[in-house]
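*Asks:* Let me begin by handing over the structure; questions about it come next.
The values are calculated or read from the model by the stated rules, or taken from the named source; none is laboratory data. Source: prediction; values computed, not measured. All Cβ positions, glycine included, derive from the backbone under ideal geometry; neighbour counts span all protein chains shown. All accessible areas refer to the heavy atoms of the entire protein, side chains included, with ligands and DNA or RNA removed. Shrake-Rupley method; radii C 1.70, N 1.55, O 1.52, S 1.80 Å.
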Amino acid sequence: MEQPVQPRQRPAQGRPILLASSEAHPLIKTGGLADVAGSLPAALRELGEDARLIIPAYPGAVKRLREPHSLCELRIPGSRGPVRILGGRLPDSEVPTYLVEAPEHFCREGNPYTDMSGRDWGDNAERFLLFCRVVARIGQGLPALDWRPEVVHCNDWQTGLVPALLREQPGQRPAVVFTIHNLAYQGLFDRATFDRLRLPTELWSLHGLEFHHLLSFIKGGILFSDRVNTVSPTYAEEVKTPRFGCGLDGLLRDLGGRFQGILNGIDYRTWDPASDPHIAQHYDAEGLHLKVENKLALQREAGLPRNERALVFGYIGRLVEQKGVDLILGILPRLLVHPDTQLVLQGAGNPAIEEAVLAAAERHPDKVATFIGYDEGRAHRIEAGADTFLMPSRFEPCGLNQLYSLRYGTVPIVHHTGGLADTVRHAHPERIEDGTATGFTFEPANADALWHTVREALLLYRERPDLWQRLAINGMRGDFSWESSARHYQQLYAAAVSEREAALPAA
Ligand code: ADP
């Protein structure tokens, strides 16, 4: 039986922080969470913190881990065999990384949450509870790791039971921070699943994990953490309202000052048109005229007619209702009658939306190109080759593609919501001139409002190329690097540590 190690003095190299996530780029990625989990620990280490990462050992992640080595084996309830912890580093940074190897649970190729037909795995509750149990064990101190986190930073529902499990050990637990990357994904399961998981029965209550007669993983994160945040200030306000709160707005309001929004950063080592290995022609704000080479390359790749004059719209993202792709389809008849317009879409998700975007490309082969699937390299080429990027998301916790677009001089057109509202400033002529406007924003989220703004963009592109270029350069000059976000997280961790200390029983 492993004995918990005692907390050590804070080492000279900074606060020990364990970031737990169900995905992390470049080991495994389905969305923005992976970008954050891959970048934030590296940014924290740059600031001197001893940040480390833990994710499940999916086959692809094991293959990509640098310097993999076995650290220890644990007996964890819910696993028939021993669970192994692999140590290593992320491929593109020095971040020490732990992989939780439980073959029954995680040795599955492809999307980590769904089977080949896109349905959630039937044992997701068991899989991620096991992951949570291992994270909680490390949080209490595992001698084999010779390292004990002072803060455990959990992310999204898959890690929501870590704070609940750690609350069982009030004296020894680390401080816990929980980040909501998307409140709409809550990890809800039926009562029979709760019983099967053999969680402490007292957790089945209004003040525990029960949510409208279901087991809610995300509620564990919200209720039992020292600090909770989401990924932009505007989304943090929105989720406190019934409209965006997915039934949890009351709980979030109750957190008061323990809940806030911290905007994500982006990784400029990966997303920089001046050095991006995926794109045909490098460029920067001074050499923006070179960007057109990427447009021509994208037209070739997408099988669209070569046309320098075309205003090329880009879209990359999960094809789900949230992202508002139906609004894009809704404006197509109006958009495509304009000469010299093209649209390149890439995404995967809901089969009905996939079919609809494929059908649009079939109907307009000289104007619309659709790529179904996930392709990191092509995502970079669309960012570099498009002139403007559409993000009509109905809600958007932070959004990363508008930030990539800003960096690539690809003027974003976004719904004024969540992180999109926090990062894109509308192109009022005087704001373009004074350098503060960076794109176009519209509301409400419907096709007419989108069309109104797209027409405004078309007009500016055609009639005032000088202002369009200014707008693109304004965006390129913005700074959304991880450094400032990581500093906010440092403050959040410090607040969580104080909160936990205040909660400790007096010695
Ligand atoms: P979400 O997390 O809701 O999916 P974000 O905008 O926060 O949305 O992050 C999405 C991330 O996933 C971005 O890095 C985006 O480029 C990437 N992405 C989404 N779909 C694809 C795809 N089909 N191919 C390549 N990258 C994709």
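*Asks:* With every protein chain left in place, what is the accessible area of D387 in Å² (1.4 Å probe, nearest 10)?
*Replies:* 20
*Asks:* Let me ask you something else. Counting only protein heavy atoms and using a 1.4 Å probe, what share of the accessible area of region 285-480 belongs to carbon plus sulfur, as a whole percent?
*Replies:* Carbon with sulfur: 52 percent of the solvent-accessible area.
*Asks:* Using a 1.4 angstrom probe on the protein heavy atoms only, line up R108, R119 by accessible area, largest first.
*Replies:* R119, R108
*Asks:* Could I ask something else about it? Largest first and in whole Å, give the semi-axes of region 393-506's equivalent ellipsoid, each being the square root of 5 times a Cα gyration tensor eigenvalue.
*Replies:* 36, 17, 10
*Asks:* Further question on the same structure: With a probe of 1.4 Å, find how much accessible area region 329-385 has per residue, and write the answer as a whole number in Å².
*Replies:* 42
*Asks:* I'd like the distance separating the alpha-carbon centroids of region 401-433 and region 276-321, in whole Å.
*Replies:* If you average the Cα positions of each part, the centres end up 18 Å apart.
*Asks:* For region 161-240, what is the Kirkwood hydrodynamic radius in Å, using each pair of distinct C-alpha atoms?
*Replies:* 13.4
*Asks:* I've got another one for you. Quote the relative contact order of region 106-171 in percent (integer), defining contacts as alpha-carbon pairs under 8 Å separated by 6+ residues.
*Replies:* Computed value for region 106-171: 28 percent relative contact order.
*Asks:* Here's a follow-up. Please determine, in degrees from 0 to 90 and to the nearest 10, the orientation of helix 465-477 with respect to the longest principal axis defined by the Cα atoms of the chain, where the helix direction is its Cα long axis.
*Replies:* Here the helix axis deviates by roughly 20 degrees.
*Asks:* Could you name the lysines in cross-link range of K240, using Cα to Cα under 28 Å and dropping any fewer than eight places away on the same chain?
*Replies:* K219, K323
*Asks:* Can you pull the Rg over Rh of the chain, Cα-only, Kirkwood?
*Replies:* Taking Rg over the Kirkwood Rh, I get 0.98.
*Asks:* Mind checking the per residue accessible area of region 123-176 for me, 1.4 Å probe, whole number of Å²?
*Replies:* With the other protein chains kept in place, region 123-176 gives 21 Å² per residue.
*Asks:* Would you mind getting the accessible area per residue of region 434-507, heavy atoms of the protein chains only, 1.4 Å probe, in Å²?
*Replies:* Solvent-accessible surface per residue comes out at 51 Å².
*Asks:* For region 29-76, rounded, prolate or oblate, judged on the Cα gyration tensor with a ≥ b ≥ c (square roots of eigenvalues), a/c < 1.5 rounded, else prolate if a/b > b/c?
*Replies:* Verdict is oblate for region 29-76.
*Asks:* So, one more: Below 8 Å between Cα atoms, with a sequence gap of 6+, how large is the relative contact order for the chain in percent?
*Replies:* Dividing the mean separation by the residue count of the chain yields 13 percent.
*Asks:* Hey, what D do you get for region 90-150 in µm²/s if you plug the Kirkwood alpha-carbon radius into Stokes-Einstein at 10 °C and 1.306 mPa s?
*Replies:* Taking Rh from Cα pairs, D becomes 117 µm²/s.
*Asks:* Taking all pairs of different Cα atoms in region 285-480, averaging 1/r and flipping that mean, what Kirkwood radius in angstroms comes out?
*Replies:* 16.3
*Asks:* Need the full-extension length gain, A356 to T241, defined as separation in residues times 0.36 nm minus the C-alpha distance. One decimal, nm.
*Replies:* Difference between extended and current length: 38.2 nm.
*Asks:* For L420, what is the net charge nearby, where nearby means another residue's Cβ is under 13 Å from its Cβ and Lys, Arg count +1, Asp, Glu -1?
*Replies:* Surrounding charge for L420 is -1.
*Asks:* Please report the accessible area of H105 (heavy atoms, 1.4 Å probe, ligands and nucleic acids excluded) in Å², nearest 10.
*Replies:* Accessible area of H105: about 10 Å².
*Asks:* How many angstrom lie between the C-alpha centres of region 114-132 and region 455-494?
*Replies:* 37
*Asks:* How much net charge surrounds E94 when only the other residues with a Cβ under 12 Å from the Cβ of E94 are counted, with Lys and Arg +1 and Asp and Glu -1?
*Replies:* Once positives and negatives cancel, what remains is 0.
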